[in-house]
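The values are calculated or read from the model by the stated rules, or taken from the named source; none is laboratory data. The structure presented is a predicted model; accordingly, all values stated were derived computationally and were not measured. Counting neighbours? That spans all protein chains shown, and the Cβs are built from the backbone with ideal geometry, glycine included. Accessible surface is based on the protein model in full, side chains and every heavy atom, while ligands, DNA and RNA are left aside. Shrake-Rupley method; radii C 1.70, N 1.55, O 1.52, S 1.80 Å.
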Amino acid sequence: MTVFKQISKLNTEKDMIIPCYKGDMDHVQQYILVGKPDFDGTFSSFQMFYGKTGNRIYLLGLGERKDAVKLEQAFQKLCFETKKYWKKDIQINADKFSSEEIKKAAIGMQIATYEIGQFKSDPIASEMITVAFACSEENIEAFEEGKQIGETINRIKALVDAPANHKTPEFLGQWAMNSAAESNYKCTVLHQKELIEQGFDAVLAVGKGSVHPPVVIINEYLPKKGKAVDIGLVGKGITFDSGGLSIKPSQNLHYMKSDMGGAAVVLGVVEVAARLKLNINIVGVVASAENAVDASSYRPGDVINSYSGKTIEIIDTDAEGRLVLADALSFIIKKYQPKQLIDLATLTGSVVRTLGFAAAGMFTHSNEMAERMSNIGEEVHERVWRLPLYDDFESDLHSDIADLRNFSGKPIAGAINAAKFLESFTESSKNWMHLDIAGVAFGDSNYTKMKSASGYGVQLLTKYIKSLI
Ligand code: BES
Ligand code: ZN
Ligand code: ZN
């Protein structure tokens, strides 16, 4: 358990973190006994000095000013590596920080408390720690915001890291219901019966092979009563992607529990917006299913229907994400007509081969949305890189027997083809954006030996949404 609070002044007898940029160390001298410390402020480096009462004083390097976009990582590393030595309380010298820096520092302190070993029979008992930010009253709001965002990032990381035998589509629905009750927004979960009645045929097709039936989760945070929906968010919620009958190789297959990374961002962002009481109308839709292998699984060659009425020839059952998203996109457009629409999905291996782990693939016809998202991506260090939606790729979706097919059959331009498929379910909506987060949602971290959830997307989308207000 970690308690966060704001204080107006540092208690010099207690443990503290003194952040410092390279070449900007003058403020350090008043806290430590040595005149000039052997410390140059390299990003994410730290050095500990003992104070007068045996208290610990950590100098934390923030590197160059340009490194401030990833400031939370420096705080996370310091906390992660030293918190076992703290005497319950830790203070942060944040009086020189801007509101953005305070927000990032609070996020860093929060995400350092994330415990991944939830399923160990003897989980590490986390100590009660008080984190005190010494900052001016006017930055309290930024501090509170960082605290909330960090807390939700931890909650969605826990979701993405959860194993698929625990994390069924129903489990995601229940998570959303609980979040809605706690954070004051409305959540509706459509179960199999409603999905059949309402025609979510593509979601149902993907989920057919699983004993855990699919769900569609609808989160409504609509504080502006009677006004239009400002932004619609759609997330891919495949709780495990075996590939279906077009089965994936078994190496790294265990990581396909993270194929609901897009859904996690959508669930998290609606939660954050509600907790921060943002004055903006948001609807989040998550289409969740397990892509499993069974006698009743959908097959390559099948022709299925979809919520939009378009028929789809299945070429590859491993291209399942675009199918569930197609229904969720058609649904949100029909029911809510959001002014802007953004979907997030761990959609293709192709985007990982293109952009690695450095950025999400961004697809949109709106230059304005693209520019805004690119800028914010740089600012929060959750980067996006635009890829094209050229008409040239349209023919790849041609099917002789159905309205379109779910895969071109060619080993090229996979991320673009997937985006083009989604485009045909957005009624050429000018203000639609697709973010392929397959490379950034889950990966190596300094804090785990195996790959784990990154929390990518919560800061990006929260800041994007705030920029629209
Ligand atoms: N969930 C995968 C994409 C993925 C790959 C996510 C690696 C994270 C890491 C998706 O459903 C998939 O299997 N896509 C296929 C599509 C292909 C069969 C058309 C791909 O990209 O290989
Ligand atoms: Zn797949
Ligand atoms: Zn998938």
Where the chain is the region considered: accessible area per residue in Å², 1.4 Å probe: 43
Carbon plus sulfur fraction of accessible area for the chain, probe 1.4 Å, in percent: 51
Centre separation in Å (Cα based) which lies between region 414-445 and region 52-107: 35
Note, ³J(HN,Hα) from phi for region 127-139, Karplus 6.51, -1.76, 1.60, rounded to Hz, x at Gly and Pro: 6, 6, 10, 9, 9, 10, 9, 8, 8, 6, 4, 5, 9
Highest to lowest packing among 349-362, 440-453, 3-16, scored as the average C-beta count within 10 Å: 349-362, 440-453, 3-16
Cβ crowding within 10 Å averaged over residues, with 279-288, 408-417, 165-174 ranked highest first: 279-288, 165-174, 408-417
The chain, Rg to Rh (Cα coordinates; Rh as Kirkwood inverse mean 1/r): 1.01
Antiparallel DSSP beta bridges within the chain, percent to nearest 5: 35
Cut-off under 5 Å, modelled amide H: who pairs with F4 long-range: V131
Cross-link reach list, aspartates and glutamates versus K84, counting only Cα pairs under 18 Å and skipping chain neighbours closer than eight places: D15, E115, D122, E127
Between region 208-264 and region 340-411, the Cα center-to-center distance that results, in Å: 17
The chain: calculated mean residue ellipticity at 222 nm from DSSP helix runs of at least 4, using -39500 (n - 2.57): -10000 deg cm²/dmol
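Counting pairwise Cα distances across region 3-85, what percent come out greater than 22 angstrom?
Tail of the P(r) past 22 Å holds 24 percent of the pairs.
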